[in-house]
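Below: one structure, written as structure tokens.
What follows is calculated from the coordinates using simple rules that are stated; it is not laboratory data. Here the structure is a predicted model, which means the values were calculated and not measured. Here the Cβ positions follow ideal geometry from the backbone for every residue, glycine too, while neighbour counts run over all protein chains shown.
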């Protein structure tokens, strides 16, 4: 069996893996490898044939494959090695990565730095315990998207969508364009989990009703799904007796959340943030495992691929610096807390500044709010704030904070609260397409 | 659907017809294949292990539950012993994890002592009563409020589908035939003796019929004019957890049993998952496999009395199985009404454990009823071992992939299942024809993403290997289509009335 050595290896060749590899190369890593299990690079972008990607990154509206293509070309030109049709079986401390592929068999790579960029998977029916029978025709929106867009088959004619995640909304439009009757989208929360733009363009433009505070309480059908029973839910998300109604369908698509695919790290002592499901990292996207970095949806689920690329650039650069021995070793970190109104913050901890004047934080709000103010608290003082016309859990809050604002503070946290004065009424800025 | 014409599939005559391709029917067919007999198993579903055998606890029970002298007691203890050899021969992974019946108070401790004495009467050795400290040292995640337990070191776990497929495959290797998608519609009886079985694929003449039809065994008996028992379906629901939380319990943990059932258990599976369940609800419909909100609440609260911190966020699926209840005991033996008919009916827990012993007993009854049992000189008790990528060393994997590159392509990333294993499962005797057939044989789609990633890929592999269109591949039953051609997507319903 052959052994290989690289400076930086990214596990996964989707948007995060490609951006991390490119930035590692830029930062001076000589030997960079992307290991991708599919037969082409691009990851989930390849099945996202709708447009709207890349407004921030390329200042242009691209399709998913279009966005991926730009990166694939850059990867080719940068002299980065790519192993396709290769699955990573383990990534062990010390940078020992074991992969398998049909034509090359088992390959072991040693590397100075690894970037986790495996993306995420969809939450399933089992995870949310929808009762009823277990017929065919109940599938995740992403699996349906792959079948329709890449394989050329349709999961059904009369479709109901559970959950208002972005993939579900995109698939509502996609199935409508295929000629299917998309009868409704049911969301258990009192607000949508998708980007506003998707609600408008994928549901409203197609007259597809979105029922908030509704939950599927039973799936019917012995062989193939024949329908569902739906009920309104109370404030504790429990079905309200007497509100049940039935709806016929031959396809039930689930868009009920995404889970970072961290099984490689969980096999070791990777510290996981229970809220994000991803690793706990510092501003370099450095995990608690020496030489392992993380970026993209394996770190936390993003709304826009542009943010994934930017985050991965940080991780890739850090991985290269680590490989070159230029990333300072740190044992003491300051933690960054998610305060009132904030569900999580990434990075979750800070090591001493590494030459850059600012540090970028990604955050999600716990609930939708109108005009709001996001504040950074350092040792009890508000040292930074920004106003937002609207805040939603589905849309990432991004904050670039100058180091000088943080200073030497020990207690660092972000909060979001309604803005003290009602600002002028104006529409939310249009968000770009979700990944 | 995916096979040759009906006449090619169903022989016109057989020495023995076994009705039902569950673990019991397949074990009986395998036992019969030791003899020079033509044996045909009729299964109305597209695969074996589609009834009670696909949804149960997967436990080889120690054998202290059943009343001494019952079929359940005798066949449980005998069956558990037979599995020691059978599991090696047939390739049924078996883990001897031991079982615990835990007590919450002094009354329940007294019940445990009764169970221990009953176990001794049933022929068991090694049962021990544990105090709280011993229990918590063995199972640190159990409730500290428990006061003691009955430890049965011989209890083991197996995968119930694997067991059924293994019996079926070995039966086929030894000359038996298994005809799927073949529903029994009647039994011809002349002068109070069975003469033929009528099916959806035609008539098959036979003098001996084994009724192993699970929840439908009452109907099968009636077809032959035998109303000596009836089946009450009793549903049990389960929640299965990912193997990332597989260390929740080491052993099978039962609460102290009640009259109705063994209670809600928390148990490991042979593949490293953990499940909770089952509850017990009597139902009207023999095919009512629906899980319920009430049922989930019942099993979750039941399991929490034993393991207070359940990792509910790591649940990967829920399902329901149906016990075929004919009374307190199994219905085993010759029909009291119709000659040539032998019942292996009313098989509920510990049916999986008892299956090989039931098979021995049924063959004895058939011999008593006049069936000539001449040993089959070509009988081989062993199934060839098929490679399991996940269990292999790196060197073994390298050699396997060099010989067949399909073993180098991971299709199911949650369970690390390769394309080579999926193809082998389709091509094997009693091979997979459906998505669930692949899932139950090699576990592709059994993991935390529940086929979200591998589903489209497995569909394509099945279509390729069977030479059918992707749109013909089903989930499990004949009507469980998965995909339409895109041209057929258009809904007949008005678009957004």
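What whole number of Å gives the distance from the Cα centroid of the stretch B:234-254 to the Cα centroid of the stretch B:170-211?
That distance is 38 Å.
How big is the stretch B:254-336 by the Kirkwood estimate over distinct Cα pairs, in Å?
Radius from the Kirkwood sum: 14.7 Å.
Can you work out the FRET efficiency for the pair residue A:271 and residue B:227, with r the C-beta to C-beta distance and R0 = 60 Å, to the nearest 0.05?
Result of the calculation: an efficiency of 0.40.
Two decimals, Cα atoms only, Kirkwood Rh: what is Rg/Rh over the stretch A:301-348?
Rounded to two decimals, Rg/Rh equals 1.06.
Expressed as a fraction of 2.2 N^0.38 Å, the rule-of-thumb size for a compact globular protein of N residues, what is the C-alpha radius of gyration of the stretch A:136-289?
Output field value: 1.19.
Based on alpha-carbon atoms only, what is the radius of gyration of chain B relative to the globular estimate 2.2 N^0.38 Å?
Dividing the Cα radius of gyration by 2.2 N^0.38 Å gives 0.98.
Once every DSSP H run of n ≥ 4 in chain A is given -39500 (n - 2.57) and the sum is divided by its residues, what mean residue ellipticity at 222 nm do you get, rounded to the nearest 500 deg cm²/dmol?
-5000 deg cm²/dmol, from helical runs alone.
Under Stokes-Einstein, with the Kirkwood radius over Cα pairs standing in for Rh, what whole-number D in µm²/s applies to the stretch B:183-334 at 25 °C and 0.890 mPa s?
138 µm²/s
Once every DSSP H run of n ≥ 4 in chain B is given -39500 (n - 2.57) and the sum is divided by its residues, what mean residue ellipticity at 222 nm do you get, rounded to the nearest 500 deg cm²/dmol?
-9000 deg cm²/dmol
Given the convex hull of the Cα atoms of the stretch A:224-297, what is a quarter of its surface area in nm²?
Projected area, direction-averaged: 8.3 nm².
Looking only at chain B, where both bridge partners belong to it, what percent of the DSSP beta bridges are antiparallel (to the nearest 5)?
Antiparallel bridges: around 70 percent, rounded to the nearest 5.
How big is the gap, in Å, between the Cα center of the stretch B:322-357 and the Cα center of the stretch A:376-399?
68 Å
How many percent of the alpha carbon pairs in the stretch A:1-148 exceed a separation of 28 Å?
29 percent
Would you mind computing Rg(Cα) / (2.2 N^0.38 Å) for the stretch B:125-226, counting N as its residues?
1.83
Averaged over A:102-114, how many beta carbons belonging to a partner chain fall within 10 Å of each residue's beta carbon?
3
Counting partner chain Cβ atoms within 10 Å of every residue's Cβ in B:451-460, what's the average?
5
Quick one: check the C-alpha center-to-center distance for the stretch B:33-72 versus the stretch A:80-98, whole angstrom.
With the stretch B:33-72 and the stretch A:80-98 each reduced to a Cα centre, they are spaced 44 Å.
Provide the percentage of antiparallel DSSP beta bridges, counting only those with both residues in the protein assembly as shown; round to the nearest 5.
65 percent
Under 8 Å for C-alpha pairs, at least 6 residues apart: give me the relative contact order for chain B, rounded to a whole percent.
For chain B, the relative contact order is 19 percent.
Arranged from highest to lowest average of other beta-carbon atoms within 10 Å per residue, in what order do the peptides A:6-17, A:347-358 appear?
A:6-17, A:347-358
By what distance, in whole Å, do the Cα atoms of the stretch B:389-486 stretch along each of the three principal axes, largest value first?
Largest first, the stretch B:389-486 extends 43, 28, 26 Å along its Cα principal axes.
So what's the Cα pair-distance distribution over the stretch B:292-371, bin width 5 Å, in %?
Answer for the stretch B:292-371: a P(r) of 3, 12, 16, 15, 12, 11, 8, 8, 7, 5, 3, 0 percent.
Can you put B:400, B:482 in order, fewest other beta carbons within 10 Å first?
Placing the least packed residue first, the sequence is B:400, B:482.
Tell me whether the stretch B:18-161 comes out rounded, prolate or oblate; compute the Cα gyration tensor, take square roots of the eigenvalues as a ≥ b ≥ c, and use a/c under 1.5 as the rounded threshold.
Prolate shape, in that a/c is at least 1.5 and a/b is the bigger ratio.
Which of rounded, prolate or oblate describes chain A when judged by the alpha-carbon gyration tensor and an a/c cut-off of 1.5?
oblate
Between rounded, prolate and oblate, where does the stretch A:333-435 land on the alpha carbon gyration tensor, with a ≥ b ≥ c its root eigenvalues, rounded for a/c under 1.5, else prolate if a/b exceeds b/c?
In terms of gyration-tensor shape, prolate.
Please list B:19-31, A:304-316, B:373-385, A:198-210 highest first by mean number of surrounding beta-carbon atoms within 10 Å per residue.
B:19-31, A:304-316, A:198-210, B:373-385
Based only on Cα atoms, what Rg/Rh ratio does the stretch A:283-324 have, Rh being taken as Kirkwood's radius?
Dividing the radius of gyration by the Kirkwood radius yields 0.98.
Round to the nearest 0.05 the FRET efficiency obtained for residue B:487 and residue B:309 when R0 = 51 Å and r is the Cβ-Cβ distance.
Step by step, r from the Cβ atoms, then E = 0.50.
Calculate the mean, over all residues of peptide B:391-401, of how many other protein chain Cβ atoms lie within 10 angstrom of the residue's Cβ.
3
How long are the three semi-axes of the equivalent ellipsoid of the stretch A:81-121, in whole Å, if each is the root of 5 times an eigenvalue of the C-alpha gyration tensor, listed from largest down?
Taking √(5λ) for each eigenvalue gives 16, 14, 9 Å, largest first.
Could you work out, for the protein assembly as shown, what percent of all Cα-Cα pairs fall into each 10 Å distance bin, beginning at 0 Å and stopping at the bin that holds the largest distance?
2, 11, 19, 22, 20, 14, 7, 3, 1, 0
Would you list the P(r) distribution for the stretch A:140-212, with all Cα-Cα distances sorted into 5 Å bins from 0 and each bin expressed as a whole %?
4, 19, 33, 25, 14, 5, 1, 0
State, in angstrom, two size descriptors of the stretch B:49-95 derived from its alpha carbons: Rg to one decimal place and Dmax to the nearest whole number.
In order Rg, Dmax, the Cα atoms of the stretch B:49-95 give 12.0, 31 Å.
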